[in-house]
Each structure stands twice: as structure tokens, then as C-alpha cells.
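Notes follow once the structure below has been shown.
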Amino acid sequence: MKKNKSPEQDLKKSKIILFILLLLFALVAVLVAVEKILLSNTENSPGANLLPANLTITEDMTAEEVNEISTEVEQLAETSEATRMQYYINKFIGYIENQEYDKAYSVLYPDFKTNYFPTLDEFTTYVQKKYSDFVTINYEDMQRQGNIYIFFVTIQDLSDPTNNEKNFSQKFVVQEKQINNFVLSFEVVE
């Protein structure tokens, strides 16, 4: 035999169910707010935007390649600005030494590229003539003008250090947009 529920019991049950629903709704609202705050803090934190804006992680990249890029950025973030600028120059010269002319060409300052090397072929011809496969860079002096760094360097051909045609002084101008996202230009020496 069933007991008849009183209206008071039904009201009490309804209040408990309503309280539980309101509690769940409040919990979901708090979780959403916390997630927004955490995402906002991550985006605005000093190290959040270290990856270059032009870095595209594609499906064909291995986890090792993505990790390598992230590690490189983290290591660069811990160095001084001058050290990073020297790293960028070395990276540029490394592209040339490895015959990755398209990569070297891609980091040239746009106006410099337009004025001196409108095409990749013109740039490639110049660097093949000017730089040997094994060079060393001696950093002589550095000047800073706002967010532009000017380096005075000596390029030396390691395969023939006595060849004055292959050993020369040159000026590099480097601008860092973000860590590991830079443009540069250089004194075109004939």
C-alpha cells in the first residue's frame, strides 16, 4: 500500500531539486569564468607570445620539429638582446652556407629586398659569389637605435683565411619583431 505524499513533502523535494540545479549552474558558471581568466592570463603573460607570428605548425611536422622550435624560442628568450641579434645573423649566414637561399631571402627586410635583390635568383647569385661555404663572423662593434641593431662584423673565409677577396668587413642591420621572428639587411659589398 502506497502512502500519499503530502503537499509539504512535494514542496520540500522540489526545493531540494531546485537548490541542486542552481548549485550545478553556479558551479558551471564559476568553471567557465576561471577558464576565461586562465586563458586571458596566459595570453598576456610575458612568455606567452614567444613563438613567432609567422610560425605555422603543420600536420607534416613531427613532434620533434615542433619541440625543437619551442626549445629554440625558450633558449633565445633567456639570452640578452645583443646575443639574440648575433644568433639571427649566424642563422642567416647558416642558411647561405647550407644553400638554403630561400630561407635566407625570406628574412630580408622587405624594402632592402626590393631595392637590392628583387628576385631570389639575384640574391642567390650575390651570396654565392660573396660568401664561401665555410665562413666565420667576428663581431667588432654593435650600435642600437631604438629597436634596430647595427652590427659591424668581419667575415672570414675559413677555407682560405689569407684570401682578401673572401675576407671583408660588413654591416648588418637586425630588427626583432618577436623572439625568433626577425628581419635583417646588410651592407652590399662588391
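Restricting attention to region 150-173, the residues that are among the β-branched types (Val, Ile, Thr), touching a Lys or Arg at 6+ places or on another chain (Cβ under 9 Å) and either crowded, with 17+ Cβ neighbours inside 10 Å or assigned to a loop (DSSP other than H, G, I, E, B) (or both) add up to 2. Only one of the listed residues (123, 134) is surrounded by 11 or more Cβ atoms within 10 Å (Cβ to Cβ), farther than 14 Å from residue 86 by Cβ, under 27 Å from the mean Cα position of the chain (by Cα) and at pLDDT 80 or above. That residue is 123.
Restricting attention to region 78-114, the residues being open to solvent by 70 Å² or more (accessible area, probe 1.4 Å), farther than 20 Å from residue 136 by Cα, of a type in the set (D, E, K, R) and part of a helix (DSSP H, G or I) number 3.
The values are calculated or read from the model by the stated rules, or taken from the named source; none is laboratory data. Values in this document were obtained by computation on a predicted structure and should not be read as measured data. With ideal geometry, Cβ positions are generated from the backbone for all residues, glycine too; neighbour counts draw on all protein chains shown. Protein only, heavy atoms only, side chains kept; ligands, DNA and RNA dropped before computing areas. Shrake-Rupley method; radii C 1.70, N 1.55, O 1.52, S 1.80 Å.
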